[in-house]
């Protein structure tokens, strides 16, 4: 996990420097805030990875001499087919149409979104279909 | 050091490929799939359709401009045309193709993963993209027509007084959907690359395409939320009576430009980096050598990503309210890592055994075209030079050189990876016809536009004064656009002609990276078996033992091959 | 598609020199000619597409353009030659696997450091010209330029002269040669672009913001201007002109056109020749936004 942490922390540090330089030289609020936010967005996962990298053993994918047998078994949860992404997508579509054509579009929109969130979460707990 | 000549160890393959299991078929299968290969294929087909739509708008624009006071379209229609041409090409074709299409299919296979980290989120990204595209394009069917304020939608032109009508709101809404689509894809790519690599696939053994997609994903996460926030602000100004961007309410119109371009400049690198990655995959394979300067490429990509967040106001030099030296310096500096990549590509070809499949031709065409676009970009980094080229056809030519180079990269990627994804090769002769029409067409289209800009022709104009030199240059540019159109037709013809005609086999190009180890197309969960991974070219190492480039590899100071211990 | 890999090894010519060496010798002869031609051509620097323009700052921007272009030509030619070289001379001639070179630290360092030096040099040159352009010397003529959808209004401060016109009416700004002219640029509605090709210069007209700049014309003549930032329906037709005249002509012009706040609209354009497209709806002259 060390390389990942280093990537994000270096990016974050670079943005921090750039934010400081731009804030004091440019006196421009929008850009200063945005670069500062970019720094935070890199430091948050970066520090998390760094913290973990000091506590975990080398994973097979970080070990240059790993064999394929070391990575055997179940790697993660891969729900095979699922109707919920499509449902959630259609719900989001209707919500956006509500922005354009009228608030009553929020009825099918939010309805589908909420239904998909419940259904998708339940499916996730069940493990989905392989 | 472990001997790479060991047979692949596959006693307990990771999430090994299943036999075809019975699931839904037909359209229900498409709607419920979470398989990254099918999702990526859906993205590819949709993105190519968007490319054709955007291209059709372009042909109408160039037909209008072939004559100075042309009345092919009205001025109002013309404003809609270039707005939607740019919007469709950037938001609906190039972006989704770059990070949703080929990346979706190839990144998991390149790192030995069974799928993306969040398959259902991946599917959601596609549906948001599809519905977002439909939303934006449906502007043409409402009263007032589609959005007509340019793909950048500057305030106050984009407010409800200057652009009333649903077309603008549909444009905003479409971008909210596609924006979230991109953000979710960014999350998925980062998680997949960080967590799902196969054993032995350390970060510095990943293919350069995957590295580029990682940096692209980080840029997406940094930039797209800013655009989304800006769009919401614009919508509030239009409909909820806020005055964020309007002077009379105490707002600041130029704030829109800051927010838009803070996203907008990383966006163009989000578009470019994936295609840089594709080129970096194609050139080594067709030169029969490894990537030259692998670590240099990785650091150049990260430098480009980092700097790209600090250059946004070079799009705003003429506003008079930005810190010119800061943005000018950053913009000059970002040319350096891009140049490093160019020299590394040449170094990869150097003293290789280059063979010219269509994919390699596209890659070489990319090098020339991107060189032109990149060099003209350096001019634009200088404010005094930008002052007389900004908003003229010089800038139009510059970015078209860049994006058409990316199109060459896209075509290269399709010819190179098409066989892996579909199992069938495309016809090489038709491919070469497509290449020459595309490459020459791009130059004939863009080079006159540089001159037009230097002679004073502004952009976003539907008619222009009777100027003898302007008309002939415009006509030449239109001829180039027609040639590009012909190349697109050749591409469609190739797809139809080659349909299921030339079975590809696992590794038709003697490819180096992990995706060439599995079948074409790959099975469910991608791999029946995996080789030892001891370098960034696991498939090459497996196929060509004795020609690996080990730790101290084939250094020019060595006259003989370094034996692998 | 199966026999892609079988190619004959390179042939040798009767003299025993490999074809590669013969090609290299031929290339050397061909390349020598244009280099000699350039050397003999004399010392005028090409324009590279731009023009010196009519003001002092346009000329310094022009020289900066030429400097950039010389650098671009050298680097561009170098890279093109390298690509072509590889593509021509390192083509596949056999099934052999070439040396699998992965890196060369000295070479890579070279093409990192040299480009950094080059771009820093370009940046330094940029700063010199830029500081000249944003300087604000004493001026004798000050004009308020107000952009609006879809025309221009020029108010001569302290002179009681106002020129206004929209789209193809092509309002004309008259200024004296060899005098510093100060412009106060703003917009009444949306963002517009004040662009005069012969000045090698453009600046946005932003609502609620006053953009100031100074220039000094060194040539007389009439120069076309146009709006370059998309501003709505008639953006393509938002023309204006700048007419640079001698000091005495300028004084006469001022005297002729000065009146107590009255507005003078300039005549229909003759050199733009787009009068076939004339807006039918009356343009807003000073909308508030």
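Would you mind stating whether residue B:464 is assigned to a loop (DSSP other than H, G, I, E, B) and surrounded by fewer than 18 Cβ atoms within 10 Å (Cβ to Cβ)?
Values: assigned to a loop (DSSP other than H, G, I, E, B): yes; surrounded by fewer than 18 Cβ atoms within 10 Å (Cβ to Cβ): no.
No.
Name the one entry in B:292, B:332 that is at the interface with another protein chain (Cβ under 7 Å from one of its Cβ atoms), at pLDDT 95 or above, assigned to a loop (DSSP other than H, G, I, E, B) and crowded, with 22+ Cβ neighbours inside 10 Å. Working first, answer last.
Numbers: B:332 fails: assigned to a loop (DSSP other than H, G, I, E, B).
Just a single option satisfies the conditions, and that option is B:292.
Considering only segment A:90-124, state which residues are farther than 28 Å from residue B:166 by Cβ and without any contact (Cβ under 8 Å) to a residue 40 or more places away in the chain. Working first, answer last.
Going through segment A:90-124, the residues farther than 28 Å from residue B:166 by Cβ turn out to be A:117-124.
Across segment A:90-124, the qualifying residues are A:117, A:118, A:119, A:120, A:121, A:122.
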In the list B:348, B:318, which residue meets the criterion of being touching a helix residue (DSSP H, G or I) at 6+ places or on another chain (Cβ under 7 Å), at the interface with another protein chain (Cβ under 7 Å from one of its Cβ atoms) and buried (at least 22 other Cβ atoms within 10 Å of the Cβ)?
B:318
Would you mind telling me which numbered condition in (1) out of contact with any strand residue (DSSP E or B) (no Cβ under 6 Å at 6 or more places or on another chain); (2) touching a residue at least 60 places away in the same chain (Cβ under 8 Å); (3) more than 12 Å from chain A (Cβ to nearest Cβ) residue B:247 fails?
(1)
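Give the residue, chosen from B:219, B:231, B:227, that is in contact with a helix residue (DSSP H, G or I) (Cβ under 8 Å, 6 or more places away or on another chain) and within 14 Å of residue B:158 (Cα to Cα). Explain how you work it out, then say what you get.
Details: B:219 fails: within 14 Å of residue B:158 (Cα to Cα); B:227 fails: within 14 Å of residue B:158 (Cα to Cα).
Every option except B:231 fails the conditions.
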Between a residue in segment A:64-89 that is free of Cβ contacts under 8 Å to residues at least 40 places away in the same chain and at the interface with another protein chain (Cβ under 7 Å from one of its Cβ atoms) and any residue that is assigned to a strand (DSSP E or B) and surrounded by 18 or more Cβ atoms within 10 Å (Cβ to Cβ), which pairs come within a Cβ distance under 8 Å, given they are 6 or more apart or on different chains?
A:68/B:14; A:71/B:14; A:72/B:14; A:73/B:14; A:75/B:14
Taking residue A:30, is it touching a helix residue (DSSP H, G or I) at 6+ places or on another chain (Cβ under 7 Å), modelled with pLDDT under 90 and within 10 Å of chain B (Cβ to nearest Cβ)?
no
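Scan segment B:449-461 for residues that are within 11 Å of chain C (Cβ to nearest Cβ) and either within 18 Å of residue B:61 (Cα to Cα) or part of a helix (DSSP H, G or I) (or both) and jot them down. Spell out the reasoning first.
Kept after step one, since they are within 11 Å of chain C (Cβ to nearest Cβ), are these residues of segment B:449-461: B:450-461.
Listed by number, the residues that qualify are B:450, B:451, B:452, B:453, B:454, B:457, B:458, B:459, B:460, B:461.
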Going through segment C:226-248 in order, the residues found to be farther than 11 Å from residue C:167 by Cβ and touching a residue at least 60 places away in the same chain (Cβ under 8 Å) are C:231, C:232, C:241, C:242, C:243, C:244, C:245, C:246, C:247
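Can you confirm whether residue B:238 is within 9 Å of another protein chain (Cβ to nearest Cβ) and either part of a helix (DSSP H, G or I) or closer than 30 Å to residue A:4 by Cα (or both)? Quick ask: steps written out before the conclusion?
Numbers: within 9 Å of another protein chain (Cβ to nearest Cβ): no; either part of a helix (DSSP H, G or I) or closer than 30 Å to residue A:4 by Cα (or both): yes.
No: the conditions fail for residue B:238.
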Would you pick out the residues in segment B:151-161 that are buried (at least 20 other Cβ atoms within 10 Å of the Cβ) and within 7 Å of another protein chain (Cβ to nearest Cβ)?
B:154, B:156, B:157
Candidate set: segment B:108-144, residues that are outside any helix (DSSP H, G or I) and free of Cβ contacts under 8 Å to residues at least 40 places away in the same chain; chosen: the one nearest to the other protein chains (Cβ to nearest Cβ):
B:142
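Just wondering, is there one or more residues in segment B:66-78 that are under 20 Å from residue B:186 (Cβ atoms) and at pLDDT 95 or above? Write out each step before concluding.
So the first thing to find is which residues in segment B:66-78 are under 20 Å from residue B:186 (Cβ atoms), and the list is none.
The answer is no; no qualifying residue exists.
Against the condition modelled with pLDDT under 95 and either touching a strand residue (DSSP E or B) at 6+ places or on another chain (Cβ under 9 Å) or within 29 Å of residue B:441 (Cβ to Cβ) (or both), how does residue B:321 come out, does it pass?
Numbers: modelled with pLDDT under 95: yes; either touching a strand residue (DSSP E or B) at 6+ places or on another chain (Cβ under 9 Å) or within 29 Å of residue B:441 (Cβ to Cβ) (or both): yes.
So residue B:321 fits the description; yes.
Condition (residue is within 29 Å of residue B:104 (Cα to Cα), in contact (Cβ under 8 Å) with a residue 12 or more places away in the chain and touching a strand residue (DSSP E or B) at 6+ places or on another chain (Cβ under 7 Å)) applied to segment B:252-268: is it met by at least one residue? Before you say what the answer is, go through the steps one by one.
Of segment B:252-268, the ones within 29 Å of residue B:104 (Cα to Cα) are B:259-268.
This time we only want the ones that are in contact (Cβ under 8 Å) with a residue 12 or more places away in the chain, so: B:259-268.
Keeping just the survivors that are touching a strand residue (DSSP E or B) at 6+ places or on another chain (Cβ under 7 Å) gives none.
No - not one qualifying residue is present in segment B:252-268.
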Test set (1) at the interface with chain B (Cβ under 10 Å from one of its Cβ atoms); (2) touching a helix residue (DSSP H, G or I) at 6+ places or on another chain (Cβ under 7 Å) - residue C:161 fails condition number:
(1)
One residue from C:86, C:61 being closer than 30 Å to residue B:304 by Cα, surrounded by 16 or more Cβ atoms within 10 Å (Cβ to Cβ) and either in the same structural domain as residue C:218 (by TED's automatic domain parsing) or under 27 Å from the mean Cα position of the chain (by Cα) (or both):
C:61
Can you tell me which of B:434, B:475, B:443 is assigned to a helix (DSSP H, G or I), more than 23 Å from the chain's Cα centre (by Cα) and more than 12 Å from every other protein chain (Cβ to nearest Cβ)?
B:475
Kindly establish whether residue B:354 is surrounded by fewer than 22 Cβ atoms within 10 Å (Cβ to Cβ) and in contact with a helix residue (DSSP H, G or I) (Cβ under 8 Å, 6 or more places away or on another chain).
no
Count of segment C:121-167 residues which are surrounded by 19 or more Cβ atoms within 10 Å (Cβ to Cβ) and assigned to a loop (DSSP other than H, G, I, E, B):
2
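Please indicate, with yes or no, whether at least one residue in segment B:251-274 is touching a helix residue (DSSP H, G or I) at 6+ places or on another chain (Cβ under 8 Å), facing another protein chain (nearest Cβ under 10 Å) and part of a loop (DSSP other than H, G, I, E, B). Even if it seems obvious, please write down each step before you answer.
Step one: list which residues in segment B:251-274 are touching a helix residue (DSSP H, G or I) at 6+ places or on another chain (Cβ under 8 Å), which gives B:251, B:253-274.
Still in the running and facing another protein chain (nearest Cβ under 10 Å): B:251, B:253-259, B:261-263, B:266.
Checking the rest, the ones that are also part of a loop (DSSP other than H, G, I, E, B) come to B:251.
Checked segment B:251-274: at least one residue is touching a helix residue (DSSP H, G or I) at 6+ places or on another chain (Cβ under 8 Å), facing another protein chain (nearest Cβ under 10 Å) and part of a loop (DSSP other than H, G, I, E, B).
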Residue in segment B:171-181 that is buried (at least 24 other Cβ atoms within 10 Å of the Cβ), at the interface with chain A (Cβ under 8 Å from one of its Cβ atoms), touching a residue at least 40 places away in the same chain (Cβ under 8 Å) and part of a loop (DSSP other than H, G, I, E, B) present
no
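The values are calculated or read from the model by the stated rules, or taken from the named source; none is laboratory data. Keep in mind that what you see is a predicted model, and the values were worked out from it rather than measured. We place every Cβ from the backbone using ideal geometry, glycine too, and count neighbours over all the protein chains shown.
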